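J.: Structure incoming, see below.
The values are calculated or read from the model by the stated rules, or taken from the named source; none is laboratory data. Since we're looking at a predicted model, the values are computed, not measured. Please note: Cβ atoms are built from the backbone with ideal geometry, for glycine as well, and neighbour counts cover all protein chains shown. Heads up: the accessible areas ignore ligands, DNA and RNA and are worked out on the full protein's heavy atoms, side chains in. Shrake-Rupley method; radii C 1.70, N 1.55, O 1.52, S 1.80 Å.
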Amino acid sequence: MLPEFIRAAAVAAVALPFVAFLSLGLWSFFAEAPSERATSRLVLSTLWLSLAALAAVAVAAARGGLVPAEVHVGTWFASGDYAFELELLLDGPSLTMLLLVAATTALVGQFSVTYLHRDPGFTRYFLLLALFDSGMLLLVGAGSLDLLFCGWELVGLTSTLLVGFFHERSGPVRSSLQVFSIYRLCDLGLLLGAVMLHLVAGTTDFTHAFARPLHGSIAVVLPLLLLLAAIGKSAQSPFGSWLPRAMEGPTASSALFYGALSVHAGVWLLIRMGPLYAHSPWARLAVIAVGAGTAVTSTVAGRVQSDAKVALGLATRAQVGLMFVECGLGWHRLALAHLVLHSIVRGHQLLRAPSSLHEALALRSAGLESHGAIDGLAQRLLPPQVLRWLYRAALDEFHKETLVDRMVVRPVLRASAWIDRQELRLSRQPHRPLTAPAERT
Amino acid sequence: MLDLAERHATEAAVSPEIRRIRAALAHASHLLPDQGPIAVFIHHNTLHAFEKLPFHEAVARGSQTYQARGYLDEDTFRALYESGRITAADLDEALRDWGPEDRPLGSCFGSARRLQRAAMLSGTAVPPEPVLRWLLAEDPAVIARRDLWRSALAVTASRPDATPSVAARAALVARQELEARSVDELVNPLLVRLCAAFLDQGVAHWAMPDRDGGLYRTWVELMSVRPAAPRPHWLVDLDRDLDSLARLSPEEAVVAALHEAEVPGSRWEEYVARALLALPGWAGMFSRLERHPHERAPGSPPAHLVDFLAVRLVLESYARRTLASERRDLHPAPAATGAIGRAWRLFSIARHLGLGADALRAWEPVDREGFERLDAFDEAARQRVWQEAYEGHYRAQLVVGLAQNRPAVVGPVDSPRFQGVFCFDDREESLRRHFEELDARHETFGAPGFFGVAMDFRSFEDGDFAPLCPVVVKPAHRVEELPVEPERGARFEGRRRLLARLRHSAHGSSRGLLHGLVALPLLGLSSALLLPLGLLAPRAVARIEGGLRDLLLERPETRLTAHRDEDDDPRGFSLGDQVQRVAATLQNIGLTRGFAPLVFVLGHGSTSANNPHRSAYDCGACGGRHGGPNARLFAEMANRPAVREGLARCGVEIPEGTWFIGGQHDTATDRITLADLNRVPSALRGELAALRGHLDVARARQAQERCRRFASAPRGLSPDGALGHVESRAASIGQPRPELGHVTVASGLVGRRALTRGLFLDRRAFVISYDPTQDEGGAVLERILAAAGPVGAGINLEYYFSRVDNARYGCGTKLPHNPVGLLGVMEGSSGDLRTGLPQQMIEIHEPMRLQLFVEAAPSTLLAICERQQGVRELVVGEWVRLVSIDPDTGAMQLFSRGAFRPITPAAEPVPVATDSLSWCDGRDGFLPPARIVGAVRHAA
């Protein structure tokens, strides 16, 4: 049993960033926007406090052998047989992840204070950072799939809003809408999966939900639904084309989300729901196929990119694909270790993405080229026609976006335009003039 | 489209249409940005397309062509007026300069000038109709003066409205813009990714194959590869046309696309310009690389603007066809119509002047006429007047400062102890001032940072030669930095390569799949250490890294291959050249006798972390690079006995006991490194130690002065604390403002140091040393202006335009920047290549033209303008404001509207302070010139 203050520390660590978000939000709403110093002090202090609390929990847990432990906070609501329990699950993996999330967010928050100085969206950025931190901590510390879903949604929301951070330009706004659409589509998998798990197992609590193995088609469908959610969040094929687009936000948030944390959420879901996959070889095969396919195509596509952030984004996608393969093979410990290391490395590299230009020049002056050995090998073995075909496909990221656009998006747009025309015809409304979107404020 | 194309393809040689395309391209390429690959950032006039026009006209043309603002907006100017930065006197003077004579008007308005002033101060810009309605219904200030509003309506109602064709034309233009934007949304992402991959110079691991045919040919071939790729919905017809497209040359494809879009021949130029200006950064890069192929690595694929245009127009034709088939009904919002707009303007003016409703109703015909003439005093005219007032205020402060700072006898320092030659960069102004405040016998000079030695230089660590001189000069000499002991040099080189290879295989290859996996544990450990430490203690990390590098690499002692013994050796300068270079520089700055025992020459450069625009902080006179090697070379040449003999024959007497030392000043960290110290004669070692001590004090104080402009620097920093702060700024990866750069620049002062010594100029001036008493015909001055003029004006104008409209002329905020190729930065994953300066570099800049004060008679200056075309365009077009200071009397005259006009300095005394730091202690913002009298002035 965990001592009381450790439980309190764990809950405080997860709740503090949300408290910061609420107080900063209410302050900005009812009074003048706070100064940069006040904003950054408020948010950063909660981030560092949260990290300190988690460190204390981890130390205590490691020494006393107190985990795995459930920390029950309360019941949000109950209806009939069902009750939404607010419960954290602290075990080895989740403590590791909690520490990673808290540390990375605090460091990027520190980076952002000078980086976003004098930006008109300073307060908005820190609001979203605090909300993201609470969402991500909830996601990795959740004791049930329901609570994980809440964290998942918060992360998706903040991700969208930070991609569209520069909302005075149309490019970021369009990219953020694309990101949001894919997130919603794939979150359907998580929602349906959670409902299904309730129906089958009676609870989504991680300590009880896997008591009885599933049978029949449910055993395959449920993991596949969860896989859909993981694909969306972790930018795997075929729904991964949003990742390069998401680089429209500030470098700091790109590093935090698409280098370090948010993009690994799918892997975490697979790790947590591991027991579900253990009994379904078909589901595991699907995970491995998705992961391997993404790893290979993203690596090839990444080799032709000439800009820093997209190249790093595709490299991230490829490594996450490898993590999917590891999860599919049941090597959860390895996947977790891979996740932690990769998160730190990629976050750091993305924060330093603006240096890529001078680093490349330094390489050139040292007489080194950036071509890899594999490229040389491929160029010697494959005929030029095949190389050119492969290059073109890689440049367009294997046409995934085009295919999704033509097979899904255009038909939907055409259908909605048709409905719009019918509505106009039936209601006989005079055509009201639309105003053009503002390009600059 | 393609049947016409086939017909064109079979026509003989260069048809008139192709000739017209070439002419259109030549014209349009002129309008594009002229910034090369960003590793070497060269400040230049952003509106170089219109540099032959006078300033205000060029700004108006630029606004029209680029849809950009050419001045600060009126609300900003009004706020500056409220804060006292612009006074009523400045405004009156600017109005006097702008317009016709003042005419008396009726009892309502008094005089035309009074009316104009009211128009400027009251905000007569008419808001859009919905805003106007809201103001009339809700704004309490407006509601309180309802009576006045009704009078204004009544009085202006009898004029007929704006003709309907104006409103229709506005709607047509708006619709065209919307359509263009929709086309851009489809075409731009695809085109950008194609251009980035094509122009890439070694960032991608796998370069685009077969690029030798140019962009158009490569694109068609890539699209033609079978099996066909899935196409976006608007490009599905492309496969059908690929064969015909392949048979055309790029120019023919352009012609065919123009015919298909049914553009009449007379509008081809305009259409081509518009198509190129949809992605000005990328188009500008193609144009630049076409004209300056040496800016790329050898073996790079050919870049031609016509290829870019051909691909763009072909893609546009498909996009237009798709959009035409989709029904879109868009009606833009109407602007406020004529009568209401006029009434609003009258209402604003009347409210500002405090007129009553009855007084307005009783206005006389002459009042009405005056008001109607205000139509000519439109927004552009008002902004011009504001800008002149804005500049006039600062210029007046500088005039009175210079006038009151002039010593009774203008001459050099008596028996100087240390002399320093600095670059004329505005950041060096404060270092020079602090150095001179330490002792009356310290003397400083300002010269262009390449110190007259234009050379292609390869440092010990570089792979290539790079020119270290202003961009307009082509160096004719090559200099290398070689190790004194070749074995140590070879060892260093080997270790450096090894380190680079390790780093590359760790970071660069983490993009590979399995390679990345294997490298992950080591990288994870290093990132887990470096990331938190680098963020929380950047200075310590930089120091440790530097220390480790020195320890492991052991940089050997080096020498420059400065001297050319035999004539056929391509390296170095011959003896005659050396004498000529040193003599020219020393004559330029007026240092031909009275040498101190130690003379140091400092070039400058800058270091910053995580900054693609790093080169924008470097020395503009060295072509956007570090000037240390030039200083070192100059000092070496000046120390050579044979050179000194030659100099004596030219009239420059350097005594035997004088020694020159070269070095470099890092403007970000304020570190000063002196070179070749082991060669200093033993007799001067004591003085050398003293010099270094003085330089350390001066640079610490300069850091303290700089820190008052940094919001994150704590108040009340000591000089050493300030040095620590600026070092951590330069080393921090999260700091987009590592130093101030030229953000404070506003003026240039060419003349003897005695005129400006002791004058606190707040790091706003390029201070160039020049002695008119040693320059009879003005030949020296001509050399100086021809070299320094374009550099200084380029820097000033780059900052001006990036400040007044950062979104169009500058490159926006640094936050979403994504370095692409080795060319520049774009926003996000497929945006335009951004040119100009980022938001973070120009935030506190006061956008003014360079106020250039030259100590020379007006006749001399006019003669130089006759002979030098570049200087003439700048001065006569009023891109810089030239003020002549008479060398004998100190009387000043401003060149304005074609002639020199005398200026009378104001009578109020200039503030006085004991030293620079006490003057600027604890004060933010720009400070007016002050006289530093406490410490020391030069004797006599």
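J.: State which residue is least open to solvent (accessible area, probe 1.4 Å) when the search covers only the stretch B:869-902 and only residues that are more than 20 Å from B:R384 (Cα to Cα), in contact with a helix residue (DSSP H, G or I) (Cβ under 7 Å, 6 or more places away or on another chain) and in a helix (DSSP H, G or I).
T.: Filtering first and then ranking leaves B:V871.
J.: With the condition kept exactly as written, say whether any residue in the stretch B:370-391 is among the hydrophobic types (A, V, I, L, M, F, W, C), at pLDDT below 85, open to solvent by 40 Å² or more (accessible area, probe 1.4 Å) and on the phi < 0 side of the Ramachandran plot.
T.: So far as the stretch B:370-391 goes, yes, one or more of its residues are among the hydrophobic types (A, V, I, L, M, F, W, C), at pLDDT below 85, open to solvent by 40 Å² or more (accessible area, probe 1.4 Å) and on the phi < 0 side of the Ramachandran plot.
J.: Can you find a residue in the stretch B:411-419 that is on the phi > 0 side of the Ramachandran plot and of a type in the set (S, T, N, Q)?
T.: Looking through the stretch B:411-419, at least one residue is on the phi > 0 side of the Ramachandran plot and of a type in the set (S, T, N, Q).
J.: Taking helices (runs of 4 or more DSSP H) that fall entirely within the stretch A:236-319, which contain at least 3 residues that are more than 18 Å from A:H342 (Cβ to Cβ) and in contact with a helix residue (DSSP H, G or I) (Cβ under 7 Å, 6 or more places away or on another chain)?
T.: A:242-245, A:251-254, A:274-278, A:281-303
J.: Still on this model: Can you work out which of the residues in the stretch B:206-215 that are part of a loop (DSSP other than H, G, I, E, B) and of a type in the set (G, A, S) is surrounded by the fewest Cβ atoms within 10 Å (Cβ to Cβ)?
T.: Checked the stretch B:206-215; the qualifying residue surrounded by the fewest Cβ atoms within 10 Å (Cβ to Cβ) is B:G213.
J.: Oh, and also: Name the residue, out of B:Q735, B:Q774, that is more than 26 Å from B:G534 (Cβ to Cβ) and not hydroxyl-bearing (S, T, Y).
T.: Result of the check over B:Q735, B:Q774: B:Q774.
J.: Let me ask another. For residues that are modelled with pLDDT of 75 or more and in a loop (DSSP other than H, G, I, E, B), scanning just the stretch A:370-388, find the one that is nearest to A:E359 (Cα to Cα).
T.: A:L382
J.: Does B:A197 satisfy the condition of being within 30 Å of B:L822 (Cβ to Cβ), in a loop (DSSP other than H, G, I, E, B) and within 13 Å of another protein chain (Cβ to nearest Cβ)?
T.: no
J.: Give A:A417, A:A438 a once-over and let me know the one that is at pLDDT 85 or above and either open to solvent by less than 50 Å² (accessible area, probe 1.4 Å) or in a loop (DSSP other than H, G, I, E, B) (or both).
T.: Going through A:A417, A:A438 in turn, the sole match is A:A417.
J.: Kindly provide the set of residues from the stretch B:46-63 that are open to solvent by 20 Å² or more (accessible area, probe 1.4 Å) and outside any helix (DSSP H, G or I), ordered by number.
T.: B:T46, B:E51, B:K52, B:L53, B:P54
J.: Of the residues in the stretch B:106-134, how many are out of contact with any Phe, Trp or Tyr (no Cβ under 9 Å at 6 or more places or on another chain) and not in a helix (DSSP H, G or I)?
T.: Total meeting the criteria: 5.
J.: Related question: Could you please let me know if B:L530 is without any contact (Cβ under 8 Å) to a residue 40 or more places away in the chain, open to solvent by 80 Å² or more (accessible area, probe 1.4 Å) and within 27 Å of A:L107 (Cβ to Cβ)?
T.: no
J.: Where in the stretch B:754-845 are there strands (runs of 3 or more DSSP E), lying fully within it, with 2 or more residues that are closer than 29 Å to A:K309 by Cα?
T.: Here the list reads B:817-820, B:824-827.
J.: Tell me, yes or no, whether the stretch B:550-564 has at least one residue that is surrounded by 21 or more Cβ atoms within 10 Å (Cβ to Cβ) and under 30 Å from B:L833 (Cα atoms).
T.: Looking for residues that are surrounded by 21 or more Cβ atoms within 10 Å (Cβ to Cβ) and under 30 Å from B:L833 (Cα atoms), one finds none in the stretch B:550-564, hence no.
J.: For the stretch A:236-261, how many residues meet the condition of being away from chain B (no Cβ under 13 Å) and either within 29 Å of A:T123 (Cα to Cα) or touching a Phe, Trp or Tyr at 6+ places or on another chain (Cβ under 7 Å) (or both)?
T.: Number of matching residues: 3.
J.: So which residues in the stretch A:108-153 are open to solvent by less than 10 Å² (accessible area, probe 1.4 Å) and β-branched (V, I, T)?
T.: Of everything in the stretch A:108-153, those that are open to solvent by less than 10 Å² (accessible area, probe 1.4 Å) and β-branched (V, I, T) turn out to be A:V108, A:V140.
J.: Working only within the stretch B:637-669, note down all residues that are within 20 Å of B:A454 (Cβ to Cβ) and open to solvent by 30 Å² or more (accessible area, probe 1.4 Å).
T.: The answer is B:R640, B:C650, B:Q664.
J.: In the set A:V113, A:V101, which member is at negative phi, aliphatic (A, V, I, L, M) and away from chain B (no Cβ under 12 Å)?
T.: Of the residues listed, the single one that is at negative phi, aliphatic (A, V, I, L, M) and away from chain B (no Cβ under 12 Å) is A:V101.
J.: Somewhere in the stretch A:194-206, is a residue buried (at least 21 other Cβ atoms within 10 Å of the Cβ) and either within 30 Å of A:K309 (Cα to Cα) or β-branched (V, I, T) (or both)?
T.: Within the stretch A:194-206, one or more residues are buried (at least 21 other Cβ atoms within 10 Å of the Cβ) and either within 30 Å of A:K309 (Cα to Cα) or β-branched (V, I, T) (or both).
J.: Please pick out the residue among B:Y71, B:Y66 that is modelled with pLDDT of 95 or more and open to solvent by less than 60 Å² (accessible area, probe 1.4 Å).
T.: Testing whether each residue is modelled with pLDDT of 95 or more and open to solvent by less than 60 Å² (accessible area, probe 1.4 Å) leaves just B:Y71.
J.: Inside the stretch B:104-128, can you point out the residues that are open to solvent by 50 Å² or more (accessible area, probe 1.4 Å) and either of a type in the set (K, R) or over 24 Å from B:E93 (Cβ atoms) (or both)?
T.: If the condition is that a residue be open to solvent by 50 Å² or more (accessible area, probe 1.4 Å) and either of a type in the set (K, R) or over 24 Å from B:E93 (Cβ atoms) (or both), then B:S107, B:R114, B:R117, B:V126, B:P128 are the ones that fit.
J.: Would you point out the residue of the stretch B:466-496, among those that are within 25 Å of B:R555 (Cβ to Cβ) and in contact with a Cys (Cβ under 9 Å, 6 or more places away or on another chain), that is surrounded by the fewest Cβ atoms within 10 Å (Cβ to Cβ)?
T.: Of everything passing the filter in the stretch B:466-496, B:P467 is surrounded by the fewest Cβ atoms within 10 Å (Cβ to Cβ).
J.: Here's a follow-up. Just to be sure before I move on: is B:L529 part of a helix (DSSP H, G or I), farther than 21 Å from B:R495 by Cβ and more than 33 Å from the chain's Cα centre (by Cα) in the structure I sent?
T.: It is true that B:L529 is part of a helix (DSSP H, G or I), farther than 21 Å from B:R495 by Cβ and more than 33 Å from the chain's Cα centre (by Cα).
J.: Could you please give the count of residues in the stretch B:576-605 that are touching a His at 6+ places or on another chain (Cβ under 8 Å) and more than 20 Å from B:L785 (Cα to Cα)?
T.: Of the residues in that region, 5 qualify.
J.: Select from the stretch A:397-412 the residues that are closer than 16 Å to A:L314 by Cα and more than 7 Å from chain B (Cβ to nearest Cβ) and list them in ascending order.
T.: A:E397, A:F398, A:K400, A:E401
J.: Going through the stretch A:1-27 one residue at a time, which ones are in contact (Cβ under 8 Å) with a residue 12 or more places away in the chain, surrounded by 13 or more Cβ atoms within 10 Å (Cβ to Cβ) and over 18 Å from A:F132 (Cα atoms)?
T.: A:L2, A:I6, A:R7, A:A9
J.: Right, next: Picking from B:G265, B:G214, which residue would you name as being touching a His at 6+ places or on another chain (Cβ under 6 Å) and more than 9 Å from chain A (Cβ to nearest Cβ)?
T.: B:G214
J.: Okay, next question. Quickly run through the stretch B:374-423 and pick out the residues that are under 24 Å from the mean Cα position of the chain (by Cα), closer than 30 Å to B:I349 by Cβ and not charged (D, E, K, R).
T.: B:A380, B:Q383, B:V385, B:W386, B:Q387, B:A389, B:Y390, B:G392, B:H393, B:Y394
J.: Here are B:F418, B:F445, B:F465, B:F457: which of them is within 14 Å of another protein chain (Cβ to nearest Cβ), under 20 Å from B:A638 (Cα atoms) and not small (G, A, S)?
T.: It is B:F457.
J.: With the condition being within 21 Å of B:G628 (Cβ to Cβ) and of a type outside the set (G, A, S), I'd like the strands (runs of 3 or more DSSP E) fully within the stretch B:431-513 carrying at least 3 qualifying residues.
T.: B:455-458, B:478-483
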